[in-house]
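J.: Below is a structure I'd like to ask you about.
The values are calculated or read from the model by the stated rules, or taken from the named source; none is laboratory data. All values derive from a computational prediction rather than experimental measurement. Backbone-built Cβ (ideal geometry, glycine too); neighbour counts: all protein chains shown.
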Amino acid sequence: MWRYIVQRLLITIPVVLLVGVITFSLLQVAPGNPAAIIGGDEASPEQIAEIESALGLDKPYFEQLGDFLARMLRGDFGTSIFSQRPINQLIQPRLQPTLSLGIQVVILSTVLGVGMGMLSAWKAGTRTDRAVMVFAVLGFATPGFWLAILSIWVFAVNLGWFPVIGYSPLGDGLLEHLRSMFLPVIVNSYLGSALVMRITRSAMLEVLREDYIRTARAKGLRERVVFFIHVLRPSSIPIVTVVGATVGALATGFVLTETIFAIPGLGQMLVQAITRRDFPIIQAMLMVVAITLIVVNLIVDIVYAYIDPRIRY
Amino acid sequence: MATTIRPEDVTFARPLQERLRDTWSSAIGALKRDPVLAGSVFILLVGLFLVAFSTFLTRTEYTRPEPFLRLLGPSADHWFGTDDTGRDVFDRVLVGTRISFLVGFSVTALSAVGGTAIGLVAGYNRLLDNIIMRFVDALLAFPTILLALALIALWGPGLFNVIIALTVTGTASKVRLVRSQVLSLRESTYVEASRVAGASSIRILVSHIMPNTLGIVIVLSTFTFASSILAEAGLSFLGVGVPTHIPSWGNIIANGQRHVQVAFWISFFPGVFLTVTVLAVVLIGDALRDHLDPKLRGRLESTHGGTDE
Amino acid sequence: MEGPTNEFTPHRWCELTQQASPEHLLEVRNLRTHFFSPGAVVKAVDDVSFYLDEGETVGLVGESGCGKSVTALSLLRLIPNPPGRIVGGEIMFEGRDILKMDQDDLRAVRGGRIGMIFQEPMTSLNPVLTIGRQLTEPLKLHMGMTNRQARSRAAELLEFVGIPNADVRLRGFAHQFSGGQRQRIMIAIALSCNPKLLIADEATTALDVTIQAQILELMKNLTEQLGTALIIITHNLGIVARYADRVNVMYAGKIKETGTADEIYEEPRHPYTVGLLNSVPRLDLPTRGRLDPIPGEILNLARLPEGCSFQDRCEYAVDRCAAEAPPAHTVQGNHQTACWEWERVKLPAEAGVSQS
């Protein structure tokens with residue numbers, strides 16, 4: 001088991017490095033002078049030169065790359081061009097809203113997705129099954145930002161149950177915080193759970209056809225025991241995979257949701273940085289997201305080994 | 001056993017014409033059996049029709065602001081109402097179809113061709129495989145929209161840049177899939193057989209392995225099509241996609257967001273079009289997957305309820 | 001006929017009428033299991049009747065697709081539905097009809113009174129649960145054992161089926177065992193609750209020939225020790241000849257011939273049985289130089305012909321075979337055959353066919 005984890009960690013290192021290289025190189029593949037692009041149309045030559053030296057663009061490529069990777073390793077994301085403040089400082093106050101949203105959505109979408117998927121598999125072929133699958137396919141096809149707007153119109157504008165926009169930090173009290181996060185959490189959880197539902201259902205149906213399920217039934221086990229132990233355990237590998245993948249999809253969802261619901265999180269910061277062409281922030285966000293996803297994948301792989309003895313050698 | 005086996009004897013593929021005929025007739029059969037699938041195909045055909053003819057169907061000057069017609073609700077004159085500058089939402093949504101389909105088809109086609117080519121190379125050359133796959137792993141560590149956002153932040157907004165940005169990640173995911181397919185096909189008996197029979201690597205790759213990756217690439221392509229339509233709408237919504245003077249479902253929804261309290265219709269209708277289109281593509285993809293992967297077919301036929309009569 | 005005959009409802013016509021008497025451990029009457037797909041009904045088991053006494057070993061033989069495995073699965077109502085369904089018949093086990101039992105009673109029979117071993121040892125054990133867990137489950141369920149009792153009983157069982165070092169191996173997983181070992185574990189699970197009947201559905205088909213013999217000997221010895229009756233389902237007549245007391249030969253969902261192993265082997269009276277015997281090597285008959293496969297292919301069960309289902313492949317076929325399905329003819333005692341021309345049917349060796 002430990003050997004497997006270490007092995008898996010070692011594979012991760014080059015990927016992290018490459019992620020750094022790609023993040024850095026994005027600036028280089030831009031057509032024309034990156035400093036001019038960042039500066040915008042109205043930038044004077046002096047301003048452009050200033051940006052160039054601030055970003056170290058006047059140095060040779062590999063030296064810049066080395067500097068960049070070394071800084072990232074130290075956890076130093078550099079300085080924002082727009083506000084001239086260290087990015088680490090800018091990130092800090094924005095962590096809480098995004099993390100809160102993220103944790104709520106991951107928990108809720110997993111519970112919803114796995115639960116409904118299991119219900120669907122248990123009732124396979126019935127009307128309930130079809131209803132769940134329609135619900136899931138709709139969640140798969142609906143654009144999140146549109147659903148967010150729709151939910152604002154229905155629940156905030158017409159019914160007045162929730163604030164239209166506006167974020168209450170945890171400091172305002174837990175209940176107030178949850179209330180202000182309710183719509184974004186629900187919208188993202190529904191969309192996130194759609195794929196989990198489908199995969200859970202199909203994974204369980206596949207295991208239900210296995211010979212060892214027949215063995216379990218031939219032993220006289222209750223159908224409940226067969227389903228929740230003999231079927232669920234082996235089907236949890238694809239389920240865990242898709243839950244992990246959902247986290248990636250959420251990162252995308254947050255960029256849009258935080259903008260719509262005016263949640264002062266990292267996603268909103270990224271969108272602002274893009275309109276301001278604040279490239280160091282964009283790079284920092286890319287690194288944060290990519291490394292988060294790599295860590296999630298690592299956790300998923302370790303959970304695999306826990307579930308399936310064949311993986312842990 | 002003195003018979004010599006020539007490479008052409010080992011070919012399992014039937015003549016292309018015959019296969020196409022089979023595919024065609026089985027597709028017609030599937031449409032007759034499955035009304036949901038038939039509906040999905042119909043929706044895509046309507047979409048294609050709009051791509052070609054939507055500009056002839058418009059009844060208003062959908063780009064010209066009409067200050068006296070601002071924020072009108074749906075009516076006989078303006079089926080989907082008007083937006084904040086008095087432009088007809090119905091016409092704009094119809095014309096917006098072009099952008100979604102253009103992005104969808106371009107990204108799908110480019111990434112299918114690129115992904116298959118690179119995937120085949122990666123699957124057949126150990127050295128290149130290592131380099132390509134590490135790069136692909138790293139690229140796939142970024143969520144599609146974030147990478148696209150970053151690229152567009154540098155290149156500037158615009159339709160072309162959106163397509164290129166989305167193609168990058170679309171290609172990466174296909175490389176991974178095709179490559180894994182190649183790796184498993186390489187060990188299959190019939191590839192072994194044609195290798196023994198003296199077929200060259202290139203021949204095996206082109207005539208045996210590539211046709212067998214086609215199915216899975218097509219299935220993944222429907223997913224790419226759906227997700228790139230959604231991504232384009234998302235990017236346009238954030239204001240970094242298609243510029244606002246060209247109507248796109250994404251930027252119409254974005255425009256409506258600001259007026260959601262008084263004019264929900266601006267955002268509502270393009271969103272319905274977007275959802276229905278993506279839904280149709282996803283359902284067609286499901287049907288194709290069931291058709292191409294018999295293992296997945298008839299999963300319903302044996303379930304847990306099934307030990308009893 | 002012994003016993004109070006009026007206790008049983010009169011039999012419908014059946015191909016092989018067997019005498020009903022309550023002391024049979026298992027009696028299957030007119031069992032019919034069909035599979036339904038759009039536009040077709042496959043009669044995988046069509047009016048099958050046979051019986052089994054306590055401690056007896058009975059073979060169910062036939063080519064693949066003849067319905068023998070479906071028969072076995074039907075006995076425990078393990079037919080996947082849809083597409084399959086048991087559409088008729090009775091399965092009397094210890095005086096009660098399994099087909100009429102409620103779920104609780106059925107579960108008590110499954111794994112408790114009747115154990116079952118399947119064809120694929122590689123896929124019949126759950127890959128992610130420990131062997132210990134899979135072995136203790138039925139013990140706790142049917143024997144009411146505590147965790148600890150079940151654990152030590154499971155260890156005994158593993159030793160019993162010839163897997164040493166049981167304490168350690170109980171913590172292992174299926175992939176850490178060889179095919180033969182997995183089948184031994186399956187036997188341990190099936191016999192764990194001292195069942196009255198063990199059903200072995202092609203239990204050794206997937207194993208190496210040398211391992212096959214070991215597993216069969218093991219099953220035979222253990223069932224003899226425990227007094228458990230045994231149904232051996234196989235396509236291999238050699239296995240049946242060696243281990244079974246009586247044999248039922250199945251073809252296209254019906255039992256074609258039934259009798260003691262000696263009768264079936266020495267004096268087959270159905271052309272299909274003769275064909276099966278001709279297609280396996282025999283050491284007890286003069287050398288014939290080559291093996292004769294049965295001509296033709298196994299039937300499409302969705303489109304059975306009128307009359308006898310074997311007519312197309314049968315060298316004895318006469319006009320009558322196409323018109324009317326043959327009923328069971330008694331050869332002598334309990335040896336019965338469903339063939340119009342059974343009196344002409346002979347093993348080639350006896351008929352002097354042997355060349356060279």
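J.: Being at the interface with another protein chain (Cβ under 9 Å from one of its Cβ atoms) and either in contact (Cβ under 8 Å) with a residue 40 or more places away in the chain or closer than 27 Å to B:THR275 by Cα (or both) narrows it down to one residue among A:ALA251, A:ALA216, A:ALA262; which is it?
T.: A:ALA251 is the lone residue from the list that is at the interface with another protein chain (Cβ under 9 Å from one of its Cβ atoms) and either in contact (Cβ under 8 Å) with a residue 40 or more places away in the chain or closer than 27 Å to B:THR275 by Cα (or both).
J.: Also: Check off (1) in contact (Cβ under 8 Å) with a residue 24 or more places away in the chain; (2) part of a helix (DSSP H, G or I); (3) within 30 Å of A:GLN283 (Cβ to Cβ) for B:LEU128 and give me the number that stays unchecked.
T.: Of the numbered conditions (1) in contact (Cβ under 8 Å) with a residue 24 or more places away in the chain; (2) part of a helix (DSSP H, G or I); (3) within 30 Å of A:GLN283 (Cβ to Cβ), the odd one out for B:LEU128 is (1).
J.: Consider region B:264-291. How many of its residues are at the interface with chain A (Cβ under 10 Å from one of its Cβ atoms), in contact (Cβ under 8 Å) with a residue 60 or more places away in the chain and either outside any helix (DSSP H, G or I) or of a type in the set (Gly, Ala, Ser) (or both)?
T.: Residues that pass the stated criteria total 1.
J.: Go through region A:267-306 residue by residue and tally those that are touching a Pro at 6+ places or on another chain (Cβ under 8 Å) and modelled with pLDDT of 85 or more.
T.: The number of residues fulfilling the criteria is 2.
J.: Just for region C:216-256: of the residues that are of a type in the set (Lys, Arg) and part of a strand (DSSP E or B), which one is nearest to C:GLY84 (Cα to Cα)?
T.: C:LYS254
J.: Counting just the residues of region C:70-91 that are within 11 Å of another protein chain (Cβ to nearest Cβ) and among the small types (Gly, Ala, Ser), which one comes out surrounded by the most Cβ atoms within 10 Å (Cβ to Cβ)?
T.: Ranking the candidates gives C:SER74 first.
J.: Which residue out of C:MET219, C:MET250 is in contact with a helix residue (DSSP H, G or I) (Cβ under 8 Å, 6 or more places away or on another chain) and closer than 30 Å to C:VAL41 by Cβ?
T.: C:MET250 is the lone residue from the list that is in contact with a helix residue (DSSP H, G or I) (Cβ under 8 Å, 6 or more places away or on another chain) and closer than 30 Å to C:VAL41 by Cβ.
J.: Right, another one. Of these, C:GLU63, C:GLU94, which one is surrounded by fewer than 21 Cβ atoms within 10 Å (Cβ to Cβ), at positive phi, more than 14 Å from chain B (Cβ to nearest Cβ) and acidic (Asp, Glu)?
T.: Of the residues listed, the single one that is surrounded by fewer than 21 Cβ atoms within 10 Å (Cβ to Cβ), at positive phi, more than 14 Å from chain B (Cβ to nearest Cβ) and acidic (Asp, Glu) is C:GLU94.
J.: Looking at C:SER49, is it within 11 Å of chain A (Cβ to nearest Cβ) and either crowded, with 23+ Cβ neighbours inside 10 Å or in contact (Cβ under 8 Å) with a residue 40 or more places away in the chain (or both)?
T.: No; evaluated as a whole, the condition is false for this residue.
J.: Here's a follow-up. Name the helices (runs of 4 or more DSSP H) wholly inside region B:131-231 in which the number of residues that are surrounded by 21 or more Cβ atoms within 10 Å (Cβ to Cβ) and either in contact (Cβ under 8 Å) with a residue 12 or more places away in the chain or hydroxyl-bearing (Ser, Thr, Tyr) (or both) is 2 or more.
T.: B:144-155, B:159-186
J.: A further question follows. Residues of region B:67-85 being in a loop (DSSP other than H, G, I, E, B), aromatic (Phe, Trp, Tyr) and more than 19 Å from B:THR244 (Cβ to Cβ), which ones?
T.: Within region B:67-85, just B:TRP79 meets the criteria.
J.: Separate question: From the residues in region A:125-152 that are more than 26 Å from the chain's Cα centre (by Cα) and either buried (at least 24 other Cβ atoms within 10 Å of the Cβ) or part of a helix (DSSP H, G or I) (or both), which one is nearest to the other protein chains (Cβ to nearest Cβ)?
T.: Taking the candidates together, the pick is A:ASP129.
J.: Do you know which residues across region B:54-64 are outside any loop (DSSP other than H, G, I, E, B) and of a type in the set (S, T, N, Q)?
T.: B:SER54, B:THR55
J.: Run down B:PRO243, B:PRO247 and say which single residue is in contact with a Lys or Arg (Cβ under 6 Å, 6 or more places away or on another chain), in a loop (DSSP other than H, G, I, E, B) and more than 23 Å from B:VAL282 (Cβ to Cβ).
T.: B:PRO247
J.: Step by step: first the residues of region A:222-247, then only those that are among the hydroxyl-bearing types (Ser, Thr, Tyr) and within 13 Å of chain C (Cβ to nearest Cβ), then the one that is nearest to the chain's Cα centre (by Cα). Which residue is that?
T.: It comes out as A:SER236.
J.: Sticking with this structure for a sec: Determine which member of the set B:VAL36, B:VAL93, B:VAL51 is more than 26 Å from B:LEU166 (Cβ to Cβ), of a type in the set (A, V, I, L, M), in a helix (DSSP H, G or I) and in contact (Cβ under 8 Å) with a residue 24 or more places away in the chain.
T.: B:VAL36
J.: Looking only at region C:127-177, which residues are touching a Pro at 6+ places or on another chain (Cβ under 9 Å) and exposed (fewer than 15 other Cβ atoms within 10 Å of the Cβ)?
T.: C:HIS175, C:GLN176
J.: Do you know which residues across region B:208-231 are within 10 Å of chain A (Cβ to nearest Cβ) and under 14 Å from B:ILE99 (Cβ atoms)?
T.: B:ILE229, B:LEU230, B:ALA231
J.: Do the conditions hold for A:GLN104, that is, is it free of Cβ contacts under 8 Å to residues at least 12 places away in the same chain and either more than 11 Å from chain B (Cβ to nearest Cβ) or touching an Asp or Glu at 6+ places or on another chain (Cβ under 7 Å) (or both)?
T.: It is false that A:GLN104 is free of Cβ contacts under 8 Å to residues at least 12 places away in the same chain and either more than 11 Å from chain B (Cβ to nearest Cβ) or touching an Asp or Glu at 6+ places or on another chain (Cβ under 7 Å) (or both).
J.: Quick check: anything in region A:67-74 touching a Phe, Trp or Tyr at 6+ places or on another chain (Cβ under 8 Å) and within 14 Å of chain B (Cβ to nearest Cβ)?
T.: The answer is yes; a qualifying residue exists.
J.: Still on this structure, I have one more. Do we have any residue at all in region C:124-134 that's closer than 25 Å to A:THR126 by Cβ, facing another protein chain (nearest Cβ under 8 Å) and in contact with a helix residue (DSSP H, G or I) (Cβ under 8 Å, 6 or more places away or on another chain)?
T.: Checked region C:124-134: no residue is closer than 25 Å to A:THR126 by Cβ, facing another protein chain (nearest Cβ under 8 Å) and in contact with a helix residue (DSSP H, G or I) (Cβ under 8 Å, 6 or more places away or on another chain).
J.: Failed condition for B:PHE269, given (1) closer than 27 Å to B:ILE43 by Cα; (2) at pLDDT 75 or above; (3) out of contact with any helix residue (DSSP H, G or I) (no Cβ under 6 Å at 6 or more places or on another chain), with all others met?
T.: Here B:PHE269 meets the rest and fails (3).
One line per residue, one yes/no per condition, for (1) over 18 Å from C:THR330 (Cβ atoms); (2) among the β-branched types (Val, Ile, Thr):
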| residue | (1), (2) |
| --- | --- |
| C:GLN212 | yes, no |
| C:LEU216 | yes, no |
| C:ASN221 | yes, no |
| C:THR228 | yes, yes |
| C:ILE255 | no, yes |
| C:THR260 | no, yes |
| C:PRO271 | no, no |
| C:VAL274 | yes, yes |
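J.: Among the candidates B:THR85, B:THR55, single out the residue that is among the polar types (S, T, N, Q), at pLDDT below 85 and over 26 Å from the mean Cα position of the chain (by Cα).
T.: So the residue among B:THR85, B:THR55 that is among the polar types (S, T, N, Q), at pLDDT below 85 and over 26 Å from the mean Cα position of the chain (by Cα) is B:THR85.
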